[in-house]
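Contents: one structure, followed by commentary.
The values are calculated or read from the model by the stated rules, or taken from the named source; none is laboratory data. All values derive from a computational prediction rather than experimental measurement. Glycine gets a Cβ as well: all are built from the backbone with ideal geometry, and neighbour counts include every protein chain shown. Heads up: the accessible areas ignore ligands, DNA and RNA and are worked out on the full protein's heavy atoms, side chains in. Shrake-Rupley method; radii C 1.70, N 1.55, O 1.52, S 1.80 Å.
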Amino acid sequence: MPATIIHRLGLALRLIDTTTGFPVQDRSVRILWDGKPVHPMFRTDGSMIFLSDRQEDFTLDISMPGFEPCRLEVHSKELDPQLPLLEPHLIPADDYRLSRYPCLGVEGTMPGIQTLDGVRAGESPCLIREQDPRRRLITIFNPHKLELNRTWYALVDPDRGVYEPFAVTRRVNDQQYKLDRPLEMEFRNYFPICPLVFGSAAPNGKYRLKVRDDATSARWILRWVAGEQTNFATLDLRVRHQLEPTVSGVEERRDL
């Protein structure tokens, strides 16, 4: 009796330009699955489909023109069995050409740094109004009827220069959105909801974060985790900076 090989959806991959929050519509990508080249099926929404009958963990190495190389350690048990989707955020490289805007950012070396991300300071396109923690719903003041069409955002405390990241899992209407978890930070009704931009932090301590310079304010609140401590700094990214560990876990820094 001939053997039957069943292929299932092993992975759906959508590469995100972290400066915009939108998928990268470019098929000139090179992907290594456990060190071996793979060739996905491309869909019109920018996602890539991999068929696989394998169950074990694996590593993806992603190379895309205009972006920093990206490595993902994928744990199969953490993927949704119905839709195993990954959305890695790609960081612009020096030859980034997808925008008419140049890029600003920070980069350097800090031993023990694990993660780095940021939000633009002073923005308030949407404001939080209330939360239903049990249903994981937030209600926002959205006068311009903007769609929160990215996945990752942050609730920003503009008084302290700190924020709490979260993922949007479903849009209920223009004012209500479902989140991946309840928000823990206490808030007032003037706290904004802002898009989150991701940086990178390598095991050797090198970090990098890039944002588009659109000629508006370049003040950003950056958050990084080093060891067991979470740090924040408010910086003007048009001025050259390097991040520094803090004692309190919250740091307010101006131009250096």
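What to note about this one:
- The Cβ shell under 12 Å around residue 146 holds other residues with a net charge of 0, Lys and Arg each +1, Asp and Glu each -1.
- For the chain, the Cβ-based charge dipole about the Cα centre amounts to some 560 debye (Lys, Arg positive; Asp, Glu negative; other atoms uncharged).
- Highest to lowest packing among 200-206, 232-238, scored as the average C-beta count within 10 Å: 232-238, 200-206
- Derived value for the chain: Kirkwood hydrodynamic radius 19.9 Å. Basis is the mean of 1/r over every pair of different alpha-carbon atoms.
- Contact order relative to length of the chain, as percent, for alpha carbon pairs under 8 angstrom and 6 or more apart: 20 percent
- Only protein heavy atoms count here; on that basis, with a 1.4 Å probe, residue 109 has an accessible area of about 80 Å².
- Calculated on the Cα set of the stretch 33-176, radius of gyration then Dmax: 18.7, 51 Å.
- For a straight C-alpha distance cut-off of 27 angstrom, the lysines reachable from residue 145 (same-chain residues fewer than eight places away being disregarded) are 178.
- Relative contact order (percent, whole number), the stretch 34-185, Cα cutoff 8 Å, 6+ residue spacing: 13 percent
- Computed over the alpha-carbon atoms, the stretch 154-205 gives an Rg to Rh ratio of 1.05, Rh here being the Kirkwood radius from the mean inverse distance.
- Most to least packed among 74-83, 130-139 [average Cβ atoms within 10 Å]: 130-139, 74-83
- The share of Cα pairs per 10 Å bin across the stretch 83-142, counted from zero up to the longest distance, runs 12, 26, 35, 24, 2 percent.
- Average accessible surface area per residue within the chain, 1.4 Å rolling probe, Å²: 56 Å²
- Using a probe of 1.4 Å on the protein chains alone, the accessible area found for residue 239 is around 40 Å².
- Apolar share of the accessible surface for the chain: 50 percent from carbon plus sulfur atoms, 1.4 Å probe.
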